[in-house]
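A quick write-up on the structure given underneath.
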Amino acid sequence: AARVPPRLLYQAGTPYRGSDHDPVIVGVFGLPPTATAIGDRTSLVDVPIEGVTFTIADPDGTVTCAANVTASWSNTALVTNANVQVSGAAQACTVRIVPTAGATGSTTITLRVTDSQGLTAEVGFTATFVPELVFRDGFEP
């Protein structure tokens, strides 16, 4: 995403008179949102990956998990539509990944935060689903 340089905005009302107070809006605008890093996760086949947490923020506005975060993933055979669920209160987000039944492998999960100005931040991690080990009679690890 392209970075927009910060800019200072000033808005003044009518020329100053002793009885008037000009409205002034001063702030830094044009800064992208942020998202904390997420480590890679591994789970057994058919066992969802739950409790993946990250925090989002926007230095010049407000972002929330429900309204400003979208998810995409690289392996649609392993994780199908609606099986990456983002929830949370305000800026403390939680992700749940449900694999396709019986599927194993890895997928890159990308979470994108978009603020009211259209600026974005992305955080990604790998979710891997591995088969269970099956031990035959007489063999123990």
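The values are calculated or read from the model by the stated rules, or taken from the named source; none is laboratory data. Bear in mind that the values here come from a model prediction, so they are computed numbers and not experimental data. So basically every Cβ, Gly included, is an ideal-geometry build from the backbone, and we count neighbours across all protein chains shown. Accessible surface is based on the protein model in full, side chains and every heavy atom, while ligands, DNA and RNA are left aside. Shrake-Rupley method; radii C 1.70, N 1.55, O 1.52, S 1.80 Å.
Ligands, DNA and RNA excluded, the heavy atoms of Ile38 present near 20 Å² of accessible surface to a 1.4 Å solvent probe. Evaluated with a Cβ-only charge set (Lys, Arg +1; Asp, Glu -1), the stretch 38-117 carries a dipole of roughly 160 debye about its Cα centre, given to the nearest 20.
Determine the sum of side-chain charges near Val113: Lys and Arg each +1, Asp and Glu each -1, restricted to other residues whose C-beta is under 9 angstrom from that of Val113. So the environment of Val113 carries a net charge of -2. Rounded to the nearest 0.05, what FRET efficiency do Ala57 and Thr110 give with R0 = 25 Å and r taken as the Cβ-Cβ distance? Could you check? Computed FRET efficiency for Ala57 and Thr110: 0.85. For Leu44 and Thr70, a Förster radius of 30 Å and the Cβ-Cβ distance give a FRET efficiency of 0.65, rounded to the nearest 0.05.
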